[in-house]
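These notes are about the structure you will find just below.
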Amino acid sequence: MQKSEEHAGRKEHSQQHGKEYVLRLYITGATPNSIRALTNIKELCEAHLQGRYYLEIIDVYQQADIAEKEQLIALPLLIKKTPLPEKRLIGDLSDTEKVLKGLGLKL
């Protein structure tokens, strides 16, 4: 499946089953907190947003300009870009209830 078809399929699925989430996770390399945050958000997204999310991982050590543009103050940091309103969640994202609430989802 080509990338444009994959996106179109994901868009069609999200229109039928709810909003599509665009998430950005800012991490600091392979530190323990960054690895936990990445693992936790991937598991949460697969369990609660399967087929309805796009997760972008940004390592601030490799892309410092992006981190500066977003005015990051603490890492790891998850930013929910859409659906609006934009939300920011700091930490390893291990508190599932808090993360779901921050994303506007229920358990």
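Quick look at the numbers
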item: Cut-off 14 Å between beta-carbons: net charge of the residues surrounding Lys101, Lys and Arg +1, Asp and Glu -1; result: +3
item: Nitroxide proxy distance, nm - points 7 Å out along Cα→Cβ at Thr31 and Ile57; result: 1.6
item: FRET efficiency for Asp95 and Asp65, using Cβ-Cβ distance with R0 set to 22 Å, rounded to 0.05; result: 0.10
item: Dmax and Rg, reported as Rg then Dmax, of region 20-102 (C-alpha, Å); result: 11.9, 32
item: Karplus 3J(HN,Hα) series, Hz, for region 44-58 with 6.51 cos²θ - 1.76 cosθ + 1.60 (x for Gly, Pro); result: 5, 5, 5, 6, 10, 10, 3, x, 10, 9, 10, 10, 10, 9, 10
item: Rounded to whole Hz, the Karplus (6.51, -1.76, 1.60) HN-Hα couplings of region 32-42, x for glycine and proline; result: x, 5, 5, 5, 4, 4, 5, 4, 5, 6, 5
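All of the numbers you see were taken from the coordinates with simple rules; none came from a lab. Predicted model, so just to flag it, every value in this text is computed and none were measured. Quick reminder, even Gly has a Cβ in these numbers, built from the backbone with ideal geometry, and neighbours come from all protein chains shown.
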